[in-house]
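Input: one structure, supplied below.
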Amino acid sequence: MATILLADDLAFIKMVQKEILQKEGYDIIGEAADGLEVIEKYKKLRPDVVIMDITMPKMDGLNALKAIRQLDPDARVIVCSALGQQQLIIEAIKIGAKDFIVKPFDPPRLATAIQKALK
Amino acid sequence: MEVEYINPFIIGAIEIFEKIAQIELKKTSVQVTKSTKPANEICIVFGVAGYLTGQVVYSFKNHTAQRVVSCMMPDSKPEKQAEYFESALSSLANMITGRATILLAGKEHIIQITPPQINIENDKNAAYVEFPTINANFSSRFGTLEINVALRKTQ
Ligand SMILES: [Mg+2]
C-alpha cells in the first residue's frame, strides 16, 4: 500500500487526516510540524505522497514544496490548506502540487486526491 | 479599518462552527473598539500580511472552549480531547480565518496568515494591536465567542 507523509503544524489536523487515510488502508510513515522538518523527513523516508499544509512555522508549505520538488522532480505533493485563495491555488499548482484541498474538507475528497496523485 | 472586512469573518465563523462542530452560532453584536485585546481567557491570535495587514483574535471562556472541543471530537475519550484541546481550537480558528481570507482576497490578491498562537490564560503580556478594531460577538448553546479584527490595506 502507498506510503504517506503528513505535514501540518496542528496536531489535530494530522490526527483527522491519519484516521481517514488509515481507514482507506494507507500507511502513514511520518509526520512533520514545519517546513524544514518535512524536507528532512522526505529525504529520509521517500514517501509515495506528501500531504502538505501551507501556513507552518520555520518555512511555509509552498517553499517546502519547491525544495522537495528540487530534491525529487517526481515528488507527489498534495497541498491541504485553509487558505484556499485563487491566487495561492494557482501558485501551488505552478510549482508542482498535484492537487489543492481546502480545509475543512470532506473525507472522500482527501482519498480521491491521493488515488489521483498515485496514477 | 473598513467595516466590510468583518463580514467574511462572521460568515466564516458561522459556517465553520456548523461544519466542524455542529454548533449553531448567532451573531449578537458588532462594534468598533480600540484594540484587539480579548475579553475571554482562552484566545487564539493570528497575524495577517500580504494584501491586508493586521491581527485577528478569537476568544472563548474556558467552559465554552471545552464543550466546543468535545463537539469537534465526539467519538474520542476525554483524555484524547484534553490532549488535542489547544490544537483543535487552533484548527477551528485557523479554518475560520482561512475561509475569511478567501472572501477578502478575491480573485487577484494573496493574504498570508501566521500560524495560530494560542493563549490559555489571558496572557496580559501578549502583543495585541492598538488600532481601530471591529469586535464581533456570537452566542451558542455553550456560551459566547468573540472575534476582534484589526486589518488595513497594506501600503
Ligand atoms: Mg498550518
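So in the stretch A:2-26, with the set limited to residues that are among the small types (G, A, S) and within 13 Å of chain B (Cβ to nearest Cβ), which one is surrounded by the fewest Cβ atoms within 10 Å (Cβ to Cβ)?
As a first pass, look at the stretch A:2-26 and keep what is among the small types (G, A, S): A:2, A:7, A:11, A:25.
Filter once more, so that each one left must be within 13 Å of chain B (Cβ to nearest Cβ): A:7, A:11.
Details: A:A7: 30, A:A11: 17.
Restricting to residues being among the small types (G, A, S) and within 13 Å of chain B (Cβ to nearest Cβ), the top hit is A:A11.
Still on this structure, I have one more. Among the listed residues B:T114, B:T101, B:T97, identify the single one that is within 16 Å of B:G47 (Cβ to Cβ), of a type in the set (V, I, T) and open to solvent by 40 Å² or more (accessible area, probe 1.4 Å). So that I can check it myself, show each step before the final result.
Values: B:T101 fails: open to solvent by 40 Å² or more (accessible area, probe 1.4 Å); B:T97 fails: open to solvent by 40 Å² or more (accessible area, probe 1.4 Å).
Residue meeting the stated conditions: B:T114.
So in the stretch A:90-108, with the set limited to residues that are charged (D, E, K, R) and in a helix (DSSP H, G or I), which one is surrounded by the fewest Cβ atoms within 10 Å (Cβ to Cβ)? Spell out the reasoning first.
Here is the first cut: in the stretch A:90-108, the residues charged (D, E, K, R) are A:91, A:94, A:98-99, A:103, A:106.
Checking the rest, the ones that are also in a helix (DSSP H, G or I) come to A:91, A:94.
Details: A:E91: 17, A:K94: 9.
This residue is A:K94.
When the residues of the stretch B:3-26 are narrowed to those that are over 21 Å from B:S91 (Cα atoms) and either in contact (Cβ under 8 Å) with a residue 24 or more places away in the chain or touching an Asp or Glu at 6+ places or on another chain (Cβ under 9 Å) (or both), which ends up surrounded by the most Cβ atoms within 10 Å (Cβ to Cβ)? Please lay out each step first, then the result.
Of all residues in the stretch B:3-26, those over 21 Å from B:S91 (Cα atoms) come to B:3-5.
Within this subset, residues satisfying the condition of being either in contact (Cβ under 8 Å) with a residue 24 or more places away in the chain or touching an Asp or Glu at 6+ places or on another chain (Cβ under 9 Å) (or both) are B:3, B:5.
Working: B:V3: 9, B:Y5: 20.
This residue is B:Y5.
Yes or no: B:L151 in contact with a Phe, Trp or Tyr (Cβ under 9 Å, 6 or more places away or on another chain), within 30 Å of A:Q87 (Cα to Cα), more than 10 Å from chain A (Cβ to nearest Cβ) and more than 16 Å from the ligand (Cβ to nearest atom)? If you could, list the steps in order and put the result at the bottom.
Values: in contact with a Phe, Trp or Tyr (Cβ under 9 Å, 6 or more places away or on another chain): yes; within 30 Å of A:Q87 (Cα to Cα): yes; more than 10 Å from chain A (Cβ to nearest Cβ): yes; more than 16 Å from the ligand (Cβ to nearest atom): yes.
So B:L151 fits the description; yes.
Using the structure shown, decide if A:P57 is in contact (Cβ under 8 Å) with a residue 12 or more places away in the chain and either in contact with a Pro (Cβ under 6 Å, 6 or more places away or on another chain) or exposed (fewer than 15 other Cβ atoms within 10 Å of the Cβ) (or both). First the steps, then the outcome.
Numbers: in contact (Cβ under 8 Å) with a residue 12 or more places away in the chain: yes; either in contact with a Pro (Cβ under 6 Å, 6 or more places away or on another chain) or exposed (fewer than 15 other Cβ atoms within 10 Å of the Cβ) (or both): yes.
Taking the combined requirement at face value, the residue satisfies it.
Here's a follow-up. From the residues in the stretch B:54-76 that are surrounded by 24 or more Cβ atoms within 10 Å (Cβ to Cβ) and among the hydroxyl-bearing types (S, T, Y), which one is farthest from B:T144 (Cα to Cα)?
B:Y58
Determine whether the stretch B:119-128 contains at least one residue that is at pLDDT 95 or above and more than 9 Å from chain A (Cβ to nearest Cβ).
The initial filter retains those residues of the stretch B:119-128 that are at pLDDT 95 or above, namely none.
There is no residue in the stretch B:119-128 that is at pLDDT 95 or above and more than 9 Å from chain A (Cβ to nearest Cβ).
Within the stretch A:27-49, how many residues are open to solvent by 20 Å² or more (accessible area, probe 1.4 Å), in a loop (DSSP other than H, G, I, E, B) and away from the ligand (no atom under 16 Å from the Cβ)?
Residues in the stretch A:27-49 being open to solvent by 20 Å² or more (accessible area, probe 1.4 Å), in a loop (DSSP other than H, G, I, E, B) and away from the ligand (no atom under 16 Å from the Cβ): 2 in total.
Residue by residue, here is whether (1) hydrophobic (A, V, I, L, M, F, W, C); (2) without any contact (Cβ under 8 Å) to a residue 24 or more places away in the chain holds:
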{"position": "B:V68", "(1), (2)": "yes, no"}
{"position": "B:C71", "(1), (2)": "yes, no"}
{"position": "B:K77", "(1), (2)": "no, yes"}
{"position": "B:S87", "(1), (2)": "no, yes"}
{"position": "B:T97", "(1), (2)": "no, no"}
{"position": "B:Q112", "(1), (2)": "no, no"}
{"position": "B:I120", "(1), (2)": "yes, no"}
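The values are calculated or read from the model by the stated rules, or taken from the named source; none is laboratory data. On a predicted model such as this, the values are computed, not experimentally measured, just so you know. When we count neighbours, we look across all protein chains shown, and the Cβ atoms used for this are built from the backbone with ideal geometry, even at glycine. The accessibility values were calculated without ligands, DNA or RNA, using every heavy atom of the protein model including side chains. Shrake-Rupley method; radii C 1.70, N 1.55, O 1.52, S 1.80 Å.
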